[in-house]
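Written out below as structure tokens is the structure these notes cover.
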Amino acid sequence: MDPALLHATLGLVALHRDILICREQSADSLYHKGQTIHAINNRFLSGDQLTNDENLGVIALLIKFEVNSLAAIDFHCLYSEKTALI
């Protein structure tokens, strides 16, 4: 299995777990995101197989990670405001 795709998937799963238990991004999710970026960056710098299914999947998962991170921030802010009003 492609290491970048594996780390992207594990990072997204860890982020989903963080969102479900209402906590900030964990070290696990950030570690896997960093490993994903490192792996895909090395691949792009080497120039090998820039356009293949694995790379497209990794980029799609990184985009999903960022969208979910922003949604989690909004959710935490909204949740904090609601609990402050109670």
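The values are calculated or read from the model by the stated rules, or taken from the named source; none is laboratory data. All values reported here derive from a predicted model rather than from experimental measurement. Don't worry about glycine lacking a Cβ; one is built from the backbone with ideal geometry, like all the others, and counts go over all protein chains shown.
The residues on offer are T51, T9, and the sole one that is assigned to a helix (DSSP H, G or I) and either of a type outside the set (F, W, Y) or modelled with pLDDT of 95 or more (or both) is T9. Listed conditions (1) assigned to a helix (DSSP H, G or I); (2) surrounded by 13 or more Cβ atoms within 10 Å (Cβ to Cβ) are all met by F44, apart from (2). One residue stands out among those in the range 12-41 that are in a helix (DSSP H, G or I) and basic (K, R): the one that is farthest from I63 (Cα to Cα), which is R17.
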